[in-house]
Amino acid sequence: QVQLVESGGGLVQPGGSLRLSCVASGVFSQIASIASMAWYRQAPGKQRELVASITTDIGGTNYADSVKGRFTISRDNAKNTVHLQMNSLNPEDTAVYYCTATAWDTYKYWGQGTQVTVSS
């Protein structure tokens with residue numbers, strides 16, 4: 001079973017930056033089965049939304065319209081780690097951010113989440 005552990009969340013002022021990290025662990029065959037990794041977020045009273053994703057093979061990325069130009073997702077395959085660099089944060093970015101890893105058979109693993117709070 002793949003396990004995901006997020007880190008890097010915290011409190012930041014509007015306009016500030018945070019860098020989230022997610023480390024995937026497991027046996028080699030399970031790690032090798034990961035086709036893509038992504039970040040989701042869920043704010044109180046709102047539905048969970050996909051923030052950004054990245055594929056393992058060519059590193060293709062996708063972003064929610066609300067974060068384009070501000071957030072950057074990247075992956076270090078050798079370290080089984082995905083990052084989310086978040087710049088120009090605003091209060092609307094406040095949410096619990098979840099890391100996911102999706103296997104080639106479409107099974108999705110979820111991390112426990114890390115809180116990001118943007119407030120003055």
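The values are calculated or read from the model by the stated rules, or taken from the named source; none is laboratory data. Keep in mind that what you see is a predicted model, and the values were worked out from it rather than measured. Reconstructed Cβ throughout: ideal geometry from the backbone, glycine too, with neighbour counts over all protein chains shown. Accessible surface areas use protein heavy atoms only, side chains included; no ligands, DNA or RNA. Shrake-Rupley method; radii C 1.70, N 1.55, O 1.52, S 1.80 Å.
Springs between alpha-carbon pairs under 10 angstrom, Gaussian network model over the chain: which of Ala103, Ala32, Ala78 fluctuates most?
Ala78
So, for the chain, what is the accessible surface per residue at a probe of 1.4 Å, expressed in square angstrom?
Working: 6420 Å² over 120 residues.
On a per-residue basis, 53 Å².
What number, in percent, do you get for the relative contact order of the stretch 24-89 if the mean sequence gap of Cα pairs under 8 Å and at least 6 apart is divided by its residue count?
Relative contact order comes out at 24 percent.
Which residue fluctuates the most in the chain, going by a Gaussian network model with Cα springs under 10 Å, if the choices are Val96, Val51, Val82?
Val96
Once you charge only the Cβ atoms, +1 for Lys and Arg and -1 for Asp and Glu, what is the size of the charge dipole of the chain about its Cα centre, to the nearest 20 debye?
Working: 9 positive and 8 negative charges, 21 e Å.
Magnitude of the dipole: close to 100 debye.
What list of ³J(HN,Hα) values in whole Hz, one per residue of the stretch 75-90 in order, does the Karplus curve 6.51 cos²θ - 1.76 cosθ + 1.60 (θ = phi - 60°) give from phi, with Gly and Pro shown as x?
With coefficients 6.51, -1.76 and 1.60, one gets 9, 10, 4, 5, 9, 6, 10, 10, 10, 10, 8, 10, 10, 6, 5, 10 Hz.
Output ³J(HN,Hα) for the stretch 57-69: one whole-Hz value per residue in order, computed from phi by the Karplus curve 6.51 cos²θ - 1.76 cosθ + 1.60 with θ = phi - 60°, and x for Gly and Pro.
Using θ = phi - 60°, the values come out as 5, 10, x, x, 10, 9, 9, 5, 4, 5, 10, 4, x Hz.
Choose one of Ile58, Tyr107, Ser21: the residue whose Cα lies farthest towards the positive end of the charge dipole of the chain (beta-carbon charges +1 Lys, Arg; -1 Asp, Glu; about the Cα centre).
Farthest towards the positive end: Ser21.
What residue among Thr56, Thr106, Thr94 shows peak mean-square fluctuation when the chain is described by a Gaussian network model with Cα springs under 10 Å?
Thr106
Based only on Cα atoms, what mean projected area does the convex hull of the stretch 1-61 have, in nm²? Don't jump to the answer; show the numbers that get you there.
Details: hull surface 22.6 nm².
With the hull built on Cα positions only, its mean projection is 5.6 nm².
Rg and Dmax of the stretch 77-119 over Cα atoms: what are they, in angstrom?
13.1, 40
Over the stretch 62-114, with every protein chain in place, what whole percent of the accessible area is carbon and sulfur at 1.4 Å, could you tell me? Each step should come with its number before you reach the end.
Numbers: 1290 of 2720 Å².
Here carbon and sulfur together make up 47 percent of the probe-accessible area.
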